[in-house]
Amino acid sequence: MPDLKFPWDIRAGRRFPLFCAVIAVAAVAITLAACSKAAPSRVEFALNTVCSVTLYDEAKDSVYRDIFSRIREIENRMSAYLAETDIARVNAAAGKAPVRVNDDVFEVVERAVYYAELSGGAFDPTIGTLTSIWGIGGNNPRVPSQAEIDAVLPLVNWRNIELDRERRSVFLKQPGMVLDLGAIAKGYAADEAAAIIRKARIGRAIIDLGGDVLTCGVKPDKSPWRVGLQDPYKSRGAYIGVVTGAEKAMATSGVYERYFDAGGVRYHHLFSPSDGYPADNGLLSVTIIADRSMDADALSTASFILGYENGRALVDSLEGVEAVFVFRDMNVRKTGGANFTLTDESYRLLAE
């Protein structure tokens with residue numbers, strides 16, 4: 001196991017409460033068994049990540065164009081970091097006035113609030129002020145002062161999102177609040193891509209939006225898709241095991257992909273909303289397997305923040321949702337219906 005240092009290693013044994021910021025990272029989207037012949041995958045950079053779509057048998061350039069056009073439309077409406085998006089306008093009007101948004105934006109915000117309530121605030125789409133002062137993923141990440149953290153923590157509160165379904169408006173009640181849909185919008189985009197594929201009557205496809213993986217249809221031999229689960233201690237593409245299934249979405253929240261090093265400490269991008277530091281709950285990653293990518297996306301964040309016991313309870317309470325939990329000590333646990341097979345003998349799959 002590589003000698004990685006995280007904040008829990010040297011901060012005087014401090015235990016951080018649990019909250020994950022906005023980014024779900026990643027199953028390894030690789031087919032591990034022979035499939036029908038595919039046209040070359042279309043790969044583009046969007047949603048601040050590498051997006052790959054592979055259409056099998058009946059691939060058409062027009063379908064690829066429609067998919068990536070829709071992905072970019074979603075980005076141009078839901079990004080908190082581009083000017084003039086619906087979310088940017090909502091953030092600019094925080095504490096001032098409601099902002100009318102497109103129907104799809106309202107749908108995603110409404111679903112984000114649902115998961116915030118369901119998880120008791122473990123999933124919180126108003127985490128943006130906290131992630132911005134740390135700057136992880138940007139050009140100048142840094143450890144903010146305690147005073148800076150204390151100043152922004154009151155702005156992280158999903159209960160201060162006010163929705164008007166009739167007007168399709170979103171209002172952030174406190175000035176300075178920042179809505180960020182990064183932990184759910186990518187999953188929504190994957191679902192929209194799948195809808196375009198179904199409408200085009202494409203029989204088989206794999207969608208990988210920066211690690212949010214969605215498989216469509218079945219392989220010609222009727223065998224299930226096989227998708228590798230990323231090894232948190234190795235470079236992208238190394239996997240610890242395989243999830244099998246047909247027409248399922250997978251999303252992973254983990255501590256290993258976005259981080260920076262300062263003073264001999266590695267700070268990852270998954271934050272606690274109660275103290276504002278990277279969360280420590282003994283987990284390296286949580287992978288959710290569900291029917292919809294948007295749900296898998298949000299639930300992977302919520303389950304990571306809740307930690308194994310409460311995260312497992314949340315998953316077990318939901319129909320059609322399964323999970324794989326990877327721990328810092330290289331133990332792995334899965335829910336009863338998760339079709340996961342461990343392939344790396346350096347990890348241990350514990351009894352359910």
- Does Arg201 count as farther than 20 Å from Met294 by Cα and over 23 Å from the mean Cα position of the chain (by Cα)? yes
- Any chance the stretch 310-317 includes a residue that's among the β-branched types (Val, Ile, Thr), in contact with a helix residue (DSSP H, G or I) (Cβ under 8 Å, 6 or more places away or on another chain) and outside any loop (DSSP other than H, G, I, E, B)? yes
- Filter result (farther than 18 Å from Arg89 by Cα and either surrounded by 13 or more Cβ atoms within 10 Å (Cβ to Cβ) or in contact with a Pro (Cβ under 6 Å, 6 or more places away or on another chain) (or both)) within the stretch 157-180: Asn157
- Is there a residue in the stretch 100-110 that is among the aromatic types (Phe, Trp, Tyr) and within 17 Å of Leu172 (Cβ to Cβ)? yes
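Kindly indicate whether any position in the stretch 97-112 is assigned to a loop (DSSP other than H, G, I, E, B) and within 16 Å of Pro273 (Cβ to Cβ).
No, the stretch 97-112 contains no residue that is assigned to a loop (DSSP other than H, G, I, E, B) and within 16 Å of Pro273 (Cβ to Cβ).
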- Item | Verdict on Ser52 being modelled with pLDDT of 50 or more, among the small types (Gly, Ala, Ser), part of a strand (DSSP E or B) and outside the structural domain of Trp134 (by TED's automatic domain parsing) | yes
- Query: How many residues does the stretch 322-340 hold that are in contact (Cβ under 8 Å) with a residue 24 or more places away in the chain, in a loop (DSSP other than H, G, I, E, B) and either within 12 Å of Ile240 (Cα to Cα) or of a type in the set (Gly, Ala, Ser) (or both)?
  - Reply: 2
- Could you list, in sequence order, all residues of the stretch 145-156 that are in contact (Cβ under 8 Å) with a residue 60 or more places away in the chain and not in a helix (DSSP H, G or I)? Val156
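Residues of the stretch 310-326 being buried (at least 16 other Cβ atoms within 10 Å of the Cβ) and over 18 Å from the mean Cα position of the chain (by Cα), which ones?
Asn310
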- Quick one: is Ile196 modelled with pLDDT of 95 or more, more than 29 Å from Trp158 (Cβ to Cβ) and surrounded by 24 or more Cβ atoms within 10 Å (Cβ to Cβ)? no
- Task: Filter the stretch 120-130 for residues that are more than 25 Å from Val315 (Cβ to Cβ) and β-branched (Val, Ile, Thr) and give the result.
- Result: Thr129
- Message: Among the residues that make up the stretch 244-263, is at least one of them in contact with an Asp or Glu (Cβ under 8 Å, 6 or more places away or on another chain), surrounded by fewer than 23 Cβ atoms within 10 Å (Cβ to Cβ) and farther than 14 Å from Asp212 by Cα?
- Response: no
- Note on the structure: The lone condition Ala195 fails out of (1) of a type in the set (A, V, I, L, M); (2) outside any loop (DSSP other than H, G, I, E, B); (3) in contact (Cβ under 8 Å) with a residue 24 or more places away in the chain; (4) under 22 Å from Arg77 (Cβ atoms) is (3)
- Can you work out which of the residues in the stretch 183-235 that are in the same structural domain as Phe271 (by TED's automatic domain parsing) and among the aromatic types (Phe, Trp, Tyr) is farthest from Tyr56 (Cα to Cα)? Tyr233
- Task: Go through the stretch 199-276 and tell me which strands (runs of 3 or more DSSP E), entirely inside it, have 3 or more residues that are more than 30 Å from Ile149 (Cβ to Cβ) and out of contact with any helix residue (DSSP H, G or I) (no Cβ under 8 Å at 6 or more places or on another chain).
- Result: 204-209, 225-230, 239-245
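The values are calculated or read from the model by the stated rules, or taken from the named source; none is laboratory data. The structure displayed is predicted, hence computed values, not measured ones. Here Cβ is always computed from backbone atoms with ideal geometry, including for glycine, and neighbour counts include all displayed protein chains.
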